[in-house]
1. Among the residues of segment 283-308, which ones are open to solvent by 20 Å² or more (accessible area, probe 1.4 Å), over 23 Å from Gly431 (Cα atoms) and either in a loop (DSSP other than H, G, I, E, B) or free of Cβ contacts under 8 Å to residues at least 24 places away in the same chain (or both)?
2. Can you tell me which residue is farthest from Leu72 (Cα to Cα) among those in segment 331-353 that are surrounded by 15 or more Cβ atoms within 10 Å (Cβ to Cβ) and at pLDDT 80 or above?
3. List every residue pair whose Cβ atoms sit under 7 Å apart, with the two residues 6 or more apart in sequence or on different chains, where the first one lies in segment 241-265 and is closer than 23 Å to Lys221 by Cβ and of a type in the set (D, E, K, R) and the second, anywhere, is modelled with pLDDT under 75 and not in a helix (DSSP H, G or I).
4. Yes or no: segment 395-413 includes at least one residue that is open to solvent by 50 Å² or more (accessible area, probe 1.4 Å), modelled with pLDDT of 85 or more and more than 23 Å from Ile314 (Cβ to Cβ).
5. Please work out which residue is least open to solvent (accessible area, probe 1.4 Å), limiting yourself to segment 446-465 and to residues that are closer than 17 Å to Ser432 by Cα, in a loop (DSSP other than H, G, I, E, B) and not polar (S, T, N, Q).
6. Does segment 372-385 contain any residue that is open to solvent by 40 Å² or more (accessible area, probe 1.4 Å), farther than 21 Å from Val320 by Cα and in contact with a strand residue (DSSP E or B) (Cβ under 8 Å, 6 or more places away or on another chain)?
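The values are calculated or read from the model by the stated rules, or taken from the named source; none is laboratory data. Keep in mind that what you see is a predicted model, and the values were worked out from it rather than measured. Virtual Cβ from ideal backbone geometry, glycine too; neighbours counted across all protein chains shown. We work out accessible area using only protein heavy atoms, side chains counted, and drop any ligands, DNA or RNA first. Shrake-Rupley method; radii C 1.70, N 1.55, O 1.52, S 1.80 Å.
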Amino acid sequence: MADAVNVATEGYQQPSAGTAGVNSQVPGAPTTVSAAAGATGGVGSGNFIQSDIDQELFKFKSDDTPLMQLMLKAKKVKVKSPVVKHYQIDEPRSSFLTEADLAATTAQQAVLPLSTSDQNIPQPYGTLLVKGVDGYDESGQNKTPGKDLMLFVVDHDNASGNPIVRAVNGPKNSTEDEYCSVPAIPAGSRIIILANALYETQKYVSPDLIVPQPVEVFLQKRGMNQIVSDYYEAQKKEIPFSKALIAEAAITDFKVRCNRTLYAGRKSKIKVRTPNVGMQDVYFSEGVRYQVRKELKHNGKWTVEDIIALAKMIFTGEDVPKSVIWLAGKNLMESIQTIDYKNHPEIQITSKKNEAVGWTVTNFHTVFGDFEIKHDPTLDRLMWSNSGLIVDPSRLVHYQYAAEHSSSDRIEGEEATREAILVWDALALKGSCHIWVNGEGDDEASAPDAYVFWDSEEAPDEPTEGAIYYLLQDCAGIAGGAMKGEMWQYKDGKWVEFTGMVSAQ
């Protein structure tokens, strides 16, 4: 009898523990009657009868993979290579800063000092508004407080590449002068880009210079295999779950792993030696966690003021989305739900169904715009329970090298069939409206632009170089004009007002 037991159990794979610690997982095992029996309570293959089990465990759960659901709904772009040049094109620039002081001159024109990356934005016959520098009245003798100086671009300086400008409403030596001179413009002055102005018979004008910089996106090939024995297929009417439900369970596991990759995958490419076709490349896609250009660092409990400030950041300024979905970890979700809103009746919290993806979401209505908040269990699995991704679904791109396809092949020498699903794709972000809310404390920023809520009249003792501080109250410690609701950046050892332009990729 002992020998019979050894023979019967030889090769049996002990189920391993799942997420909840239940020994229900049989990774890599083919779907045979014996394997299925072992995974469902040890019912022997000779006594495989219909039993009462929770079939809901094997159903497809799209709510567990919301980011992947958004990808499947996103714009699909068919490509011919696993390496794609992705253009994260943003809205056109509306302003830039002067890099150095421009001294007042009695000449009719002057060279406007700009950074190398900005000097080609102003084109000839364009007009610019210099914020904070007063213009002059028509006589050119008296300043007009509150009416900013306007400049007219005439050419570019051959030596420096900077634009040559004339003042439209600048000072004049005499009221009879035809032209204005250029007054002093301090370093760091904000220059607003206005429309061009053409002469009477002009027809042609230089095009606005828009040269987007591409980023390489790697498409990752992912696959799922399952093996079903002929005997299992023949007995499926007598066993506790059908082949379809097992397939759903396998696909669910495949999808949740892919959902984690969409968040946290790291871009790379390595070579592997294959048994039949020699050296091959394996591509790894970059997760959206590391594609986002804005990161809000937030520690501690959320407040109404935080939510309103976040809405203002998203729905004002550059690259404003029409709507956003906030995929949140469980701790972040709890913190938002427990905010006391009694003093802010304008904020409405309702439950609604997102018809596009079929979820039930919590809708937060603010005067700036609405958040649709959805719990994503994947963030909890990635140890990002205090964090979340605010994403505009209309600014997602789903690159596909090969469309998803399945195959079914007989295994040579076995009474079994191998079924496979193969996907070769990547998810990429467009624009700069997406925000990663980082609540994990010491995590490194994923993007060049890190945002921090600052609720104090005093400046930070040790401000982070390059960080952007959103002021929840007036902060004289930063600057005399640093007002509540503004954003200030600590850059090159000094404070400058930040107006929303994110860094280049």
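1. Across segment 283-308, the qualifying residues are Asn299, Gly300, Lys301, Thr303.
2. Per the stated criteria, the residue is Ile339.
3. Cβ pairs passing all conditions: Glu248/Lys59; Glu248/Phe60.
4. yes
5. The extreme case among them is Ala447.
6. yes
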